[in-house]
Each structure stands twice: as structure tokens, then as C-alpha cells.
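Derivation of every value follows stated rules applied to the coordinates shown; laboratory data play no part. Computed from a prediction, not measured in an experiment: that's the story for all the values here. All Cβ positions, glycine included, derive from the backbone under ideal geometry; neighbour counts span all protein chains shown.
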Amino acid sequence: MIYQGKQKIWSEYQKEIPSDHWFYARSCIRQNFFPASEKYFLEICRDLMGKDIYETPHHTTCGGIAYHSDTIPQETAMTIVARQFALMTEAGYKNLVCSCITSFGNYTEILETWREFPELEAKIRELLWKSCKREFEKPEYVAHCSDLMYKFRNEIAEMAKFRLVDKETGDPLRVVEHIGCHYSKMFPHKGVGGAEYPCVLSGMAEAWGGQVIDYPERRHCCGFGFRQYLVKANRGYSLSNTRKKFESMEPFHPDLIITNCPGCPYFLDRWQYVISEMNGKTYGRNGYGIPVFTYEELAGLVLGYDPWDLGLQMHQVAVEPLLDKIGIAYDPAKKYLGLNEKEIMKPALPTVLKCC
Amino acid sequence: MDFGFGFSPSSAADLDKIDLSLYHRMEKVAPDIRTCMGCGSCSATCTGAPFSGMSLRKVILAIQRGKEREAREMLSGCMLCGKCTMVCPRGINTRNLIISLCRYWDSDKREYDFSREVEVKI
């Protein structure tokens, strides 16, 4: 293909991301699963990049979990989101950045719905006023936190203390990137690279020295799927989805997985333990699993933050073999020490999956 | 360890283990089988599907995977109403395709040994 033609086509898959002044909306569940991810997103954006990211303690869930679990109607989710927009308006911001992929999908879906059905927007404005006497302006721009991290990927690479390469051989690490379904499968033009070539995570991995691997089930769901997991009788579907992905990526020998959704890293990480207990199968080298990271954790690692400050001890799959491979120093004795070196509980070891 | 749930059977097919001879035979009987892109519009519009389990998309998939019994069982639920022909985005005369497949199997008097079908799962 002619280079200019390729550039023209590719430009259709890009999105402009404002670089500063963001209203930040946290995820409901990420702080429980991966406690340092959001903290380090703020630290990287505010302290290292010098950006203005505002957050308020008054914001709530976006209602996405309840909406996708079919426990609340869309109008309720819309009113919750309208309140978030009202908080943003009151704080004087016009760009909204959210930590959760489902929130991103939810905000986008609601804004698109209001564009198609303005009468519904009017109804929600009325409901919001009746319920809490607030008014709002719609955000000019909605982004996911991984969009911002993608935008700053080259600056992070310049500041990086480590690269995603094997310190012994100098070969790039083999990275599996897994993008949350609600990022660009619903509204392709809202994601970097669209639904066909989403490059938000592969861009980061490559900028930081890794080599992204392609495998047959690359765009398959992680298996969370809300109702699939939340109803115990359906949980086998969730597990089977994850297993399908691992069976597909295993022949390519990935070193790590990078994700941008709250649910995906949790399920890709924890299900490795469940699969190993059920059928004795592990997918990493020498009985270990494949470590799964959020993009903030991976950014923190290459920037040289302490792995235990990044909360990597909360992962089910041991990260130590990978840290050794990259050459990142860590103190095993401090793995289960919390704030002010307070002992936090040490988990029991699995019977099959090897942990450090 | 019993977690109270287990793996669902995988629907993934190992293309290296599939017997494509049935598909190649059917290609000659009904060449339109190659035009199908598996969108499922035919199945979505099928009146009989909820009652008989008929799904032309699945019939073609079964043929591609060498599952003759499955394909024949599903085809027996077709009423030949032709609604699927009206919605096919590839312009396949699906009714004619179904008749061609049925005619071939009706004229094929040999006793088919279904035990030869290999379960192709990973």
C-alpha cells in the first residue's frame, strides 16, 4: 500500500485527546482488586506530567454494574451519570476521564442516546433536578484513563528506568494486550484504533520496549460478562471464556498480559488459580502463571516504582519471575508489609499454581 | 477442588483435525454454500427455529465441520417457507440451497456410518 494512503486510512482510527484539565471519575471495584493503580495514575499524571486532574469525594458509581446486570433501568443509570456531570460542571471542568472501561462505555452510550433522543435528556434533567436540585452541562470530551496514558506513553518511555526487555538476552518481552469490551466494541470511533485495530495498549507496550503478540482469540472477552459471573450457576461460562483465551495464547509463550479494564485483569489473574485447581493446568513457565497487569502498574514498573508500593502482592499470579527477568529489584521480605511496615495477612499457597 | 461450577464444553474447532470431504461434496451440490458469511440473518428470521432447532447458519457450520448427522437433523425441521431467502444479505437462494442438500441426501441411499464423525474439539 502507498504510505500516504495508509496514513490517511489510519488517521480515521485516531482520536484527539485533550492533554490537560480533566475531571476524574474513579472505578467502583479497581481499588479493591488493584489498589495502587488509580493512585499511580494520578501520581504519574499530576506529579510527573504536571497535569490538572480534579477529583471529588462526592462522586458515586456510574451505575454501570447494576445496568449491565439488569438490576436497574437505563433511566436510573442516566440520572446517576447526570449527577456525575453536574459535579463536573460545578467544579468548572469540561473533560471527563474515567478509570473504568464500563463507566467509559456507559457515559458514551448515554451521551449517544441523548443525541439520538433529546426528549430523554430533557426527562433526565428533570429527574435530576427533582432528586437533588442539580443541573449539568454535557462533557465536551470523554476519555478513558488508558487514553491519557497512551497519549503520554512516549514521555513515560523517556523517563523510564526499565524497559520491557529480557535483561539477559536483550530480547523484547512478549506482551499480550487485552482491551476491555466496553472500550471500543460498542462505539468504535470512541477508541484509539477503533474496534478493528485498537492500539491503546499495544501502543504503550511497544513504546516501553515490549513486543505485542497476536493470537487467535486476541479480541475475545475475558469472561467477566457481569451476569455470567454474578450468577453462580453461569460462572462456568465465565471461566470457560478465560480458559479459551489462555489455551489460545499459550503456544505463543507470553511473558505478561496488560489490560485496561477493572474486570479483565481480575479474571485473567484469578481464574488461572481456579483452572489450575480444577485440572492442574498452568500457563506460564515452570508451573507459574502468566502475570497480569493494569496499564498503570506496568507504567509504574518501567518508571521504577517499588513493586510492592504498586500493589503487585495483591495479584494471584506471582510477579517475581517477571521482575527478575526485567531486572527490577524488590525485597521479598517486604512483600506483605502494608503502610508504615505494618504486617498484612499472608495468603495460603495454592496446591498447583506456583507462587513465590 | 470443587468450586460449584465447571468448564463449559468448548465450541472451538481444530481446523487441522476437521474432515472437509463432506463440505467439498456439498460445494458441488450447492455452490452457494461458499457465499454464506455466517451472519445468521436466516436463522433469526426462521419461523420454525424455536420449535424444531433448524438454523441454516448452523447447518452450514456443521457441514464445514464434517458433522453430517447434525446437519441432516436440523434440515429435517425446515418447512421451506422461504423467509430466509428474503433476508439473506449475500443474495443466496437459501430455500433452493436447502432443497438441493435435502435432495442429495434423499438420493444418497448408502447407510451413513455416523460413528466415523470425529468429535473435533480442543
Subject >> Sequence-separation-based contact order of segment A:20-81, relative, with Cα cut under 8 Å and 6+ spacing, percent >> reply: 33 percent
Original post:
In chain A, which whole DSSP H runs stretch at least 15 Å along their own axis (Cα) and average 1.0 or higher on the Kyte-Doolittle scale?
Top reply: none
**OP:** Let me see the pair-distance distribution of chain A: every alpha carbon pair, 20 Å bin width, integer percents in order.
**Re:** 29, 58, 13, 0
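Kindly state, to the nearest 0.05, the FRET efficiency for B:F3 paired with A:M186, given R0 = 41 Å and r defined as their beta-carbon distance.
Numbers: r = 31 Å, r/R0 = 0.76.
So the FRET efficiency works out to roughly 0.85.
Determine the shape class of segment A:120-183: with a ≥ b ≥ c the square roots of the Cα gyration tensor eigenvalues, call it rounded for a/c under 1.5, and otherwise prolate if a/b is greater than b/c, oblate otherwise.
On the way: a/c = 5.15, a/b = 3.21, b/c = 1.61.
Prolate shape, in that a/c is at least 1.5 and a/b is the bigger ratio.
If neighbour count is taken as other Cβ atoms inside 10 Å, put B:S21, B:S41 in order from fewest to most. Could you put the intermediate results ahead of the total?
Numbers: B:S21 9, B:S41 18.
Result, fewest neighbours first: B:S21, B:S41.
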Original post:
Once a ≥ b ≥ c are taken as the square roots of the eigenvalues of the Cα gyration tensor of segment A:132-257, is the result rounded (a/c under 1.5), prolate (a/b larger than b/c) or oblate (a/b not larger than b/c)?
Top reply: oblate
Original post:
B:S107 to A:Y3: FRET efficiency via 1/(1 + (r/R0)^6), r the Cβ-Cβ distance, R0 41 Å, to the nearest 0.05?
Top reply: 0.10
Original post:
If you project the alpha carbons of segment B:21-108 onto their three principal axes, what span does each projection cover, largest first, in Å?
Top reply: 29, 26, 21
Subject >> Which of A:P265, A:G92, A:G210, positive extreme of dipole for the protein assembly as shown (C-beta unit charges) >> reply: A:P265
**OP:** Springs between alpha-carbon atoms under 10 Å, Gaussian network over chain A: tell me which of A:G263, A:G327, A:G203 tops the mean-square fluctuations.
**Re:** A:G327
Subject >> Ranking of A:L42, A:L349, A:L339 by count of other Cβ atoms within 10 Å, fewest first >> reply: A:L339, A:L349, A:L42
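Rank the residues A:E12, A:E43 as a footprinting-exposure proxy: fewest other Cβ atoms within 10 Å of their Cβ go first. Numbers along the way, then the final one.
Working: A:E12 8, A:E43 16.
Result, fewest neighbours first: A:E12, A:E43.
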Subject >> Whole-number D in µm² s⁻¹ for segment A:34-190, Kirkwood Cα-pair radius fed into Stokes-Einstein, 37 °C, 0.692 mPa s >> reply: 186 µm²/s
Original post:
Could you give the nm distance between label points at A:E158 and B:T35, where each point is 7 Å from its Cα heading toward the beta carbon?
Top reply: 5.7 nm
**OP:** Write out the cysteines belonging to chain A for which the nearest other cysteine Cβ is not under 4.7 Å, or none if no such cysteine exists.
**Re:** A:C28, A:C45, A:C62, A:C98, A:C100, A:C132, A:C145, A:C181, A:C199, A:C221, A:C355, A:C356
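Under a Cβ-Cβ cut-off of 10 Å, what is the net charge of the residues other than A:R30 that fall near it, where Lys and Arg count +1 and Asp and Glu count -1? Each step should come with its number before you reach the end.
Details: positive: A:R26; negative: A:E38, A:E296.
Around A:R30, the charge tally is -1.
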Original post:
What percentages, rounded to whole numbers, describe P(r) for segment A:208-319 computed over all alpha carbon pairs with 10 Å bin width beginning at zero?
Top reply: 13, 46, 33, 7, 0
**OP:** List the relative contact order of chain A as a percent without decimals, with contacts defined as Cα pairs under 8 Å and 6+ residues apart.
**Re:** 18 percent
Original post:
Roughly how crowded by other chains is peptide A:234-246, in terms of the mean Cβ count from those chains within 10 Å of each of its Cβ atoms?
Top reply: 3
Original post:
Any idea how far the Cα center of segment A:136-165 sits from the one of segment A:305-342, in Å?
Top reply: 24 Å
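How much net charge surrounds A:P172 when only other residues with a Cβ under 11 Å from its Cβ are counted (Lys, Arg +1; Asp, Glu -1)?
Here the charged neighbours net out to -2.
Quote the relative contact order of segment B:21-108 in percent (integer), defining contacts as alpha-carbon pairs under 8 Å separated by 6+ residues. Can you show the working numbers first?
Numbers: 105 pairs, mean separation 29.3, N = 88.
Value for segment B:21-108: 33 percent.
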Original post:
Once the piece of chain linking A:I72 and A:K130 is laid out straight, how much longer is it, given 0.36 nm per residue of separation minus the C-alpha distance between them?
Top reply: 19.0 nm
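When the chain is fully extended, how far beyond the present Cα-Cα distance does A:Y54 get from A:T113, taking 0.36 nm per residue of separation?
Numbers: separation 59, 0.36 × 59 = 21.24 nm, distance 2.66 nm.
Net length gain for the segment: 18.6 nm.
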Original post:
How far is the Cα center of segment B:36-88 from the Cα center of segment A:39-53, in Å?
Top reply: 55 Å
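At 222 nm, what helix-only mean residue ellipticity would chain A give, in deg cm²/dmol to the nearest 500, using -39500 (n - 2.57) for each DSSP H run of four or more?
Numbers: 16 runs with 151 residues, N = 356.
The helix contribution divided over chain A gives -12000 deg cm²/dmol.
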